[in-house]
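Notes for the one structure printed next.
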Amino acid sequence: MDFNSVWAAMEECQRLNLTKSIGVSNFSCKKLTDILAIANIPPAVNQVEMNPMWQQKKLREFCRANGIFLTAYSPLGANGTFWGSDRVLECEVLKEIAKAKGKTAAQVSLRWIYEQGVGVIVKSFNGERMKQNLGIFDWSLDEDELKKIDELPQSRAVTGVAYTSKYGPFRTVEDIWDGEM
Ligand SMILES: NC(=O)c1ccc[n+]([C@@H]2O[C@H](COP(=O)([O-])OP(=O)(O)OC[C@H]3O[C@@H](n4cnc5c(N)ncnc54)[C@H](OP(=O)(O)O)[C@@H]3O)[C@@H](O)[C@H]2O)c1
């Protein structure tokens, strides 16, 4: 994959006012470093998997230091998809915090992401759950709750295996995530 040429073409789109901003998705710190080295316009955003079970601490720090806004996809763990599971919504720690606050585990997860200064891209086809997912702005998590979430065991849902091929740009998952597993 010739990322540099693709990025140059995306910069041209912005210069031509075809888009307001340009960004990337699923980029590791290494891929961001490579793009920043050649970019005239740095990526405005990097959209990656993030939720309490995959907190992206290193990437968050890197993006903050480089002025790249991070947005979180699969913020509830993508339950119901082929790659996701109920491990966020059924997480005992999140459920306990939710119970104590009169919220749902989904709201605790979304609020935690929001408190990290990260954008949230949550998906629901259900009107009630859409409302629930918007109800995260008038309360906050306390220090003890944040500490418990911070200590949750980490693993990603999107492993990337489905995107590897010996004929393609990513032969292994290592090629996709650059060791940031
Ligand atoms: N850039 C990328 O590589 C990438 C990869 C994956 C996903 N994405 C994008 O990220 C967005 C969201 O991620 P996602 O769909 O993977 O996962 P998600 O938002 O974590 O989870 C969606 C699932 O959670 C359910 N849900 C939503 N709100 C809920 C609530 N309050 N309580 C309980 N269940 C709830 C939804 O069901 P209902 O619809 O029935 O409510 C759906 O099954 C999507 O728009 C997707 O396109 C981007």
Quiz item: From the residues in the stretch 62-87 that are out of contact with any Asp or Glu (no Cβ under 9 Å at 6 or more places or on another chain) and among the hydroxyl-bearing types (Ser, Thr, Tyr), which one is nearest to the ligand (Cβ to nearest atom)?
Solution: 81
Quiz item: In the set 1, 10, which member is of a type outside the set (Lys, Arg), part of a helix (DSSP H, G or I) and within 29 Å of residue 167 (Cα to Cα)?
Solution: 10
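For the stretch 149-181, what are the residues that are among the basic types (Lys, Arg) and either within 16 Å of the ligand (Cβ to nearest atom) or in contact with a helix residue (DSSP H, G or I) (Cβ under 6 Å, 6 or more places away or on another chain) (or both)?
Within the stretch 149-181, the subset among the basic types (Lys, Arg) is 156, 166, 171.
Result: 156, single match.
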Practice problem: Evaluate the stretch 49-60: report whether one residue or more is surrounded by 18 or more Cβ atoms within 10 Å (Cβ to Cβ), more than 26 Å from residue 108 (Cα to Cα), in contact (Cβ under 8 Å) with a residue 24 or more places away in the chain and within 16 Å of the ligand (Cβ to nearest atom). | Solution: no
Quiz item: Does at least one position in the stretch 121-139 carry a residue that is modelled with pLDDT of 95 or more, of a type in the set (Lys, Arg) and within 14 Å of the chain's Cα centre (by Cα)?
Solution: yes
Quiz item: Before we move on, is residue 146 touching a residue at least 60 places away in the same chain (Cβ under 8 Å) and away from the ligand (no atom under 11 Å from the Cβ)?
Solution: no
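May I ask you to list the residues in the stretch 100-120 that are over 20 Å from the mean Cα position of the chain (by Cα) and either away from the ligand (no atom under 16 Å from the Cβ) or under 20 Å from residue 56 (Cα atoms) (or both)? First the steps, then the outcome.
Quick first cut of the stretch 100-120, residues over 20 Å from the mean Cα position of the chain (by Cα) only: 100-104.
Result: 100, single match.
The values are calculated or read from the model by the stated rules, or taken from the named source; none is laboratory data. Everything quoted here is computed from the prediction, not taken from an experiment. No Cβ is skipped: glycine too gets one built from the backbone with ideal geometry, and neighbour counts run over all protein chains shown.
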